[in-house]
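Please treat every number below as a calculation from the coordinates, not as lab data. Because the structure is a prediction, the values reported are computed rather than measured. Ideal geometry is used to build each Cβ from the backbone, glycine not excepted, and the neighbour counts take in all protein chains shown.
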Amino acid sequence: MRSYLFGVLWGFAAAILIALTALFGVWWERKVAGRMQMRFGPQQAGPAGVLQTLADTVKLVVKEDITPNLADVPVFKLMPYLVFVPSASAFAVIPFANGWAPFNTEASALFFLAVPGMGALGMLLAGWASHNTYGSLGGVRAAAQLVSYELPRTLSVLSLVVLAGTTSAVGIRGAWQWWWIVVLAPAFAVYFISSIAEVNRGPFDLPEAESELVAGYFVDYSGIRWAIFMMVEYSGIVAASLFGAATFLGGGLGIPGPLGVLLFVAFTVAFTTMMIWVKWSFPRLRPDQLMSFAWKVLTPVALVQLLVAGVVSAL
Amino acid sequence: MASLGKTDSASDSALGYSTLESGVGNVILTSADALLGWSRGQSLWAFPMGTACCAMELIAASFSKFDFDRLGVFPRQGPRHTDVMIVAGTITEKMKPVVIRLYEQMAEPKWVIAMGNCAISGGIFYYDTYSVVRGVDQFLPVDVYIAGCPPRPESLQDGIVQLRNLVRAESVSPGVRYRRRTEIPLRTAPAPTTPAPAEPASAAPASAPSKDPA
Amino acid sequence: MTTTFAATMASIAEKFKSAVLADSDGVADACIRVEREELLGLATELAAKGFDQLEMVTAVDYRDRIGLIYRLVSATLSASLVVRCDLPAEQPRVVSLAGIWPAADSQEREVLDLFGVAFDGHPCPKRIFLPDDFCGHPLRKDFESPTLIRRPDLI
């Protein structure tokens with residue numbers, strides 16, 4: 001009984017932490033994007049605008065809840081959660097410390113790769129249930145894009161698994177060696193680009209293309225339901241950065257103690273900033289460019305990298 | 001120069017609202033008013049209904065020299081995700097049903113800013129045209145009017161700040177429109193002084209008497 | 001006017017008995033006035049003689065008649081030409097030139113929309129700017145509408 005209570009409390013704490021992560025992500029993006037465009041970001045809400053996202057969230061919670069007349073109402077209302085829960089559960093397997101992750105299992109790296117992929121189904125259904133042409137188009141594009149970019153991402157993490165000898169994320173972090181940075185550099189590049197595509201971000205944000213589809217698969221969502229979609233996107237960025245910093249860079253380069261923690265946090269923020277940088281620098285890819293990039297560029301690179309990793313690990 | 005539509009307590013009570021003139025209200029409701037007012041005012045996401053030249057100034061106001069984002073205003077496409085519709089530009093008879101439809105798609109609570117002379121009264125197209133709707137307030141409840149042809153981005157940001165004052169003064173108490181009438185700092189015409197040479201071109205604002213926002 | 005162009009104009013003037021060379025007021029190299037019965041023949045002849053681009057179709061309301069104005073350009077002759085054709089104000093009908101120059105398609109719809117000129121043989125004769133249920137033709141001088149407010153000093 002007590003463990004159930006603990007589980008529920010941990011669940012609440014985790015949800016709040018993930019929401020805070022998304023809040024940080026949104027604020028950081030608006031400041032970084034602003035500075036990159038030679039302007040300030042939010043300035044007036046709290047010091048340096050840190051409370052801006054809080055204001056946005058409170059406002060969105062008390063907005064009117066609109067369900068389109070012809071929409072498939074149960075599916076429509078369920079979809080934000082179907083997209084959020086798998087994406088948030090990815091946080092559970094990230095090795096935050098040496099030898100510890102909130103959910104430590106033997107196949108946790110595979111868990112990290114596979115479970116957020118269920119969000120693709122949620123996006124497809126969200127667009128479809130809105131009974132809106134542009135929503136459906138966005139949903140279909142989201143499903144195609146997410147499924148395509150699963151492959152390079154999985155192959156790049158498989159290179160890690162081959163070198164580490166275990167599919168456990170905690171084990172990968174524990175088995176990190178400094179020369180992985182050199183050998184796995186292409187894998188990291190593939191992982192980074194695929195992660196950007198997996199969270200519908202940056203030059204791969206076709207499913208929510210503003211100038212084209214007017215917000216794609218979440219065009220008919222308002223208020224808190226839309227906010228949950230946004231939380232998925234921003235918490236996905238932070239989760240991908242955390243996992244990349246923990247595994248490809250050994251979580252602070254394997255240095256124990258507070259310096260290692262500082263480096264881990266610094267790497268995470270650096271990767272998040274790079275994802276923001278990439279989004280605000282590049283124009284959007286066309287659907288055919290997107291697909292051909294995944295299948296004809298990233299996947300071969302990841303396969304070659306897997307071969308190299310296998311050869312190196314056998315030496 | 002932006003000015004709020006004048007509302008007074010007489011017309012408010014005729015419509016069934018009341019105003020808490022003395023600021024009375026229990027601590028839960030006033031705290032809720034404060035939090036919701038602050039958050040709604042701080043994050044007014046704008047739907048840029050820009051049809052003509054004023055749209056250029058609207059876009060310029062969101063760029064780096066003038067920067068909407070520091071006020072919390074973010075231009076989003078998609079009416080369902082926005083709070084305030086900024087009608088920037090001339091609205092023709094053919095465009096009117098489109099604007100109405102988009103306004104109805106916005107989620108409550110929502111406000112409207114009429115930016116530019118064409119949206120206020122038809123502007124330079126008031127005479128001799130067969131196709132222009134003379135003023136957006138003929139079919140939308142406008143909260144803030146921003147005069148200018150086109151108004152400078154600073155004027156638009158001033159209008160956003162005025163709208164924020166209006167939003168912050170609203171109340172969630174049942175049947176009450178505004179918490180304290182005196183909390184909305186209405187801009188009135190400045191007292192005539194000897195003209196300073198470096199005065200910017202912000203003359204006495206023509207405070208447009210408007211219908212109450214319904 | 002080059003010699004070829006002058007020769008072309010002269011041959012056209014004598015082929016169509018109602019075609020009159022007029023002063024183009026400097027907007028084009030030449031101007032031809034023609035009656036509406038001969039408009040189609042004149043247009044076919046001009047297209048055959050090298051005037052392959054129709055730049056503009058517009059109209060003017062002179063209160064007792066409506067004047068149609070066509071502006072043509074020829075790359076081979078390096079010349080521009082204005083063709084004017086007057087129509088009676090009560091029932092302005094004229095043949096459509098959309099079969100000769102495809103550019104006439106949308107421009108004749110504009111003249112239909114704003115002046116009420118009917119074009120026989122036009123592939124899609126409906127309004128192009130104004131809503132389909134709009135009453136009246138706004139650029140006519142006698143256009144009345146409750147929403148039209150005339151400037152006081154110009155009435």
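Once both axes come from the Cα atoms, what is the angle between helix A:133-164 and the longest principal axis of chain A, in degrees from 0 to 90, rounded to 10?
That works out to roughly 10 degrees.
Sorting C:I32, C:I12, B:I100 on the 10 Å Cβ count, fewest up front, what's the list?
Lowest count first: B:I100, C:I12, C:I32.
Measure off 7 Å from each Cα along the Cα-to-Cβ vector at A:A97 and A:W179, then give the distance between these two points in nanometres to one decimal.
Label-label distance for A:A97 and A:W179, simple model: 3.2 nm.
Once both axes come from the Cα atoms, what is the angle between helix C:3-15 and the longest principal axis of chain C, in degrees from 0 to 90, rounded to 10?
Once rounded, the angle reads 70 degrees.
For chain A, just run the numbers: alpha carbon Rg, then divide by 2.2 N^0.38 Å, N being how many residues it has.
Rounded to two decimals, the normalised Rg is 1.00.
Normalised by the residues of segment C:42-132, what does the relative contact order come to in percent, with Cα pairs under 8 Å and at least six apart?
24 percent
Report the FRET efficiency, 1/(1 + (r/R0)^6), for C:S24 and B:F63, where r is their Cβ-Cβ distance and R0 is 60 Å, rounded to 0.05.
Numbers: r = 47 Å, r/R0 = 0.79.
Plugging the Cβ-Cβ distance into 1/(1 + (r/R0)^6) gives 0.80.
Any idea what % of Cα-Cα pairs in the protein assembly as shown are farther than 36 Å? Write out the running numbers ahead of the final one.
Working: 133621 of 233586 pairs.
Value for the protein assembly as shown: 57 percent of Cα pairs lie more than 36 Å apart.
Kindly write out, for segment C:54-65 in residue order, the coupling ³J(HN,Hα) from the Karplus curve 6.51 cos²θ - 1.76 cosθ + 1.60 (θ = phi - 60°), rounded to whole Hz, with x marking Gly and Pro.
My calculation for segment C:54-65 gives 8, 7, 7, 10, 8, 8, 10, 9, 8, 6, 9, 8 Hz in order.
Using Cα-Cα distances under 8 Å and only pairs 6 or more residues apart, what relative contact order does chain A have, in percent?
Reported relative contact order: 23 percent.
In Å, what is the Rg of the alpha-carbon atoms in segment C:1-117, and how long is Dmax?
13.5, 41
Give the Rg (one decimal place) followed by the Dmax (whole number) of segment C:60-101, computed from C-alpha coordinates and expressed in Å.
12.9, 39
Mind listing the long-range amide H neighbours of C:L87? Cut-off is under 5 Å, sequence gap 5 or more, other chains count too, H placed in the peptide plane at 1.01 Å from N.
Those qualifying (amide H under 5 Å, at least 5 residues apart or on another chain) are C:I66, C:G67, C:L68.
Just going by the charge dipole of segment A:2-314, with Lys and Arg at +1 and Asp and Glu at -1 on Cβ, which of A:V161, A:G174, A:G252 is farthest out on the positive end?
Highest projection toward the positive end goes to A:G252.
In sequence order, what are the phi-derived ³J(HN,Hα) couplings for segment B:93-101 according to the Karplus relation 6.51 cos²θ - 1.76 cosθ + 1.60 with θ = phi - 60°, rounded to whole Hz, with x for glycine and proline?
Those phi angles translate into 4, 6, 8, 4, x, 5, 5, 5, 5 Hz.
When chain A is modelled as a GNM with alpha-carbon springs shorter than 10 Å, which of A:W277, A:W226, A:W178 fluctuates the most?
Evaluated over chain A, the most mobile residue of the options is A:W178.
Could you line up A:W280, B:W45 from fewest to most neighbouring Cβ atoms inside 10 Å?
A:W280, B:W45
Give the angle, between 0 and 90 degrees and rounded to the nearest 10, that separates the Cα long axis of helix A:185-198 from the longest principal axis of the Cα atoms of chain A.
20 degrees
Hey, quick one: spin label on C:K15, modelled 7 Å out along Cα-Cβ, who in segment C:31-47 has an amide N within reach, i.e. under 12 Å?
Answer for this model: C:41-47.
Using a basic spin-label model with each label point 7 Å from the Cα along Cα→Cβ, how many nm lie between A:V297 and C:R93?
Using points 7 Å along Cα→Cβ, the separation is 6.3 nm.
Where does each of C:S24, C:S78 land when they are ranked from fewest to most other beta-carbon atoms within 10 angstrom?
With the fewest neighbours first, C:S24, C:S78 line up as C:S78, C:S24.
Subtract the Cα-Cα distance of C:E37 and C:L139 from 0.36 nm times their separation in residues, and report this length gain in nm to one decimal.
Contour length minus Cα-Cα distance gives 34.2 nm.
Kindly provide the helix-only [θ] at 222 nm of the protein assembly as shown, computed as the sum of -39,500 (n - 2.57) over DSSP H runs of four or more divided by all residues, to the nearest 500 deg cm²/dmol?
So the helix-based figure for the protein assembly as shown works out to -14500 deg cm²/dmol.
Using square roots of five times the C-alpha gyration tensor eigenvalues, list the equivalent-ellipsoid semi-axes of segment B:36-174 in whole Å, biggest first. Each step should come with its number before you reach the end.
Numbers: eigenvalues 111, 60, 34 Å².
Over the Cα atoms of segment B:36-174, the semi-axes work out to 24, 17, 13 Å.
Under 18 Å from the 7 Å Cα→Cβ point of A:V304, by amide nitrogen: which residues of segment A:178-204?
It comes to A:182-194, nothing else.
Note down the nm distance, to one decimal, between modelled labels 7 Å out along Cα→Cβ at A:D65 and at C:R151.
5.6 nm
Picking from A:I16, A:I196, A:I172, which is most flexible by a Gaussian network model of chain A using Cα springs under 10 Å?
Comparing A:I16, A:I196, A:I172 in the GNM, the peak value goes to A:I16.
Say we join alpha carbon atoms closer than 10 Å with springs in a Gaussian network model of chain C; which of C:V82, C:V20, C:V117 then has the biggest fluctuation?
The residue that fluctuates most here is C:V20.
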